[in-house]
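Laboratory data are not the source of any read-out in this text; all were calculated from the coordinates shown. Values in this document were obtained by computation on a predicted structure and should not be read as measured data. Here the Cβ positions follow ideal geometry from the backbone for every residue, glycine too, while neighbour counts run over all protein chains shown.
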Amino acid sequence: MKTAQTEGAGSNRRRMIDLRSDTVTKPSAGMRRAMAEAEVGDDVYGEDPTVEALQSKAATLLGKEAGLFLPTGTQSNLVALMTHCQRGEEYIAGAGSHIFHDEAAGAAVLGSISPVGLPLDGKGALTLEAVAGAIKADDPHYAVSRLVCLENTCGGRVQDQDNLDAIADLAHARGLSVHMDGARLMNAAVASDCPPADLVRKADTVSLCLSKGLGTPVGSVLCGPRDFIKRALRARKILGGGMRQAGVLAACGLYALEHNIARMAEDHRRATRMAEGLAQFPALKVIHDPDHTNMLFVAPREEDHDALLTHLAKEGIVFGSQKPSIRLVTHLDITDEDVETIISTVGDYYARSRQNLAAAGS
Ligand SMILES: *Cc1c(COP(=O)(O)O)cnc(C)c1O
């Protein structure tokens, strides 16, 4: 039997230990085989059986009627926004959420849709009060509030389900729809041991990334009601996302949904082990709570920040730096051994800087 270890690490000769993101994974041998052998057709004509199979598998997993395959999560979110909202309408989202902050204002640029950004709490959550206060009255002075966008996981944290559900209920009661940016929803499902469909029961539409922890080279799936997905097809066409023999790409998504969901528990376990291992260094502040999945954040002292990263880079270890913190993301291509290497290499840095200090002081 194949273990997750061979699945992820066996197919590439690794030169570095890359924890910048779970997007850096390379397709495994099994995934590449599935891609090479995929049955294909012209998907713009609706004739690609592998795309159809992926869309229907994703929709079933998420408890929705239909799915639509897209090249990226950004396009999937934008297609969702353009399908939910008409010109001059607005969507409400966390100001730090990906759909608000990290998608180059696509909804405004391409959809004439106005964004409303609300503060997120320390755990990445919108509050019910803030959302209630942001929904505008029906008044010709105002844009039409049309959609609330949620994110799970957010900053690698599993979101509180009662809070998500309460916000969705409020949105629906006020006549708005709800979109879930579930780029890393499967991490949340695995971490909370809950079927993904249950997490998004109250969301009208869900976007799921296949290219994050699920380990494909490309792809996202947008799922929702059948009539919504039919309209989304036009938005995807407008954005240039209608692909032809896309079954080659859908095949890796299908493979990922079949092989790479449950194993995410290993990524979570490794993130926890790394957090524990790094917590022994007093000069490093480690942020990793029980709601964190495959991410942890560390904050070195300001004077150590660059030197620590340089030291690690020399050893072939790369982290994502957004001063003052550093993000570490575990994924398919990170092994137990890598985790121990990282901990000991950070240890070397602090041991050496202590020696330097002692030498300077003597
Ligand atoms: C990565 C990500 C996206 C966008 O996905 P791309 O495929 O990189 O365009 C959207 N939302 C969240 C929360 C993400 O992490």
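Using helices alone, what [θ] at 222 nm do you get for the chain, with -39,500 (n - 2.57) per DSSP H run of 4 or more residues, divided over all residues and rounded to the nearest 500? Write out the running numbers ahead of the final one.
Working: 15 runs with 160 residues, N = 362.
Helix-only estimate at 222 nm: -13500 deg cm²/dmol.
Taking Cα atoms of the range 211-325, Rg/Rh with Kirkwood Rh, to two decimals? Walk me through the intermediate numbers first.
On the way: Rg = 19.9 Å, Rh = 17.7 Å.
Over the Cα atoms of the range 211-325, Rg/Rh equals 1.12.
Which value results for Rg/Rh of the chain when Rg is the Cα radius of gyration and Rh the Kirkwood radius based on the inverse mean 1/r? Walk me through the intermediate numbers first.
Working: Rg = 21.6 Å, Rh = 21.5 Å.
Taking Rh as the inverse mean 1/r over Cα pairs, Rg/Rh reads 1.01.
Can you tell me the orientation of helix 226-238 relative to the chain, as the angle in degrees between its alpha-carbon axis and the longest Cα principal axis, to the nearest 10?
Rounded to the nearest ten degrees, it is 70.
Would you mind getting me the FRET efficiency between Lys136 and Val44? Use the beta-carbon distance for r and R0 = 35 Å, nearest 0.05.
On the way: r = 38 Å, r/R0 = 1.09.
That gives a FRET efficiency of 0.35.
Once fully extended, how much extra length lies between Glu258 and Asp162, figured as 0.36 nm per residue of separation less the alpha-carbon to alpha-carbon distance? Walk me through the numbers before you get to the answer.
Values: separation 96, 0.36 × 96 = 34.56 nm, distance 2.88 nm.
Gain in length upon complete extension: 31.7 nm.
Among the lysines, which have Cα under 28 Å from the Cα of Lys323 when same-chain residues fewer than 8 positions away are ignored?
Lys26, Lys123, Lys212, Lys285, Lys314
Identify all aspartates and glutamates with a Cα-Cα distance to Lys202 below 14 Å; exclude those on the same chain that are fewer than 8 residues away in sequence.
In chain and number order, the partners are Glu65, Glu151, Asp160, Asp162, Asp165, Asp169, Asp181.
Would you list which aspartates and glutamates come within 19 Å of Lys237, measuring only between C-alpha atoms, while excluding same-chain residues fewer than 8 positions from it?
Qualifying aspartates and glutamates at Cα under 19 Å: Asp42, Asp43, Glu47, Asp48, Glu52, Glu103, Asp227.
Gain in length, Lys323 to Ala283, computed as 0.36 nm per residue apart minus the alpha-carbon separation, to one decimal in nm? Show your work: numbers first, answer last.
Values: separation 40, 0.36 × 40 = 14.40 nm, distance 1.55 nm.
Additional length available on full extension: 12.9 nm.
Give or take rounding to whole Å, what are the principal axis extents of the alpha carbon atoms in the range 146-229, in descending order?
38, 28, 20
May I ask what percent, to the nearest 5, of DSSP beta bridges between residues of the chain are antiparallel? Write down the numbers at each step before the final one.
Details: 22 of 42 bridges.
Bridges in the chain that DSSP calls antiparallel: roughly 50 percent.
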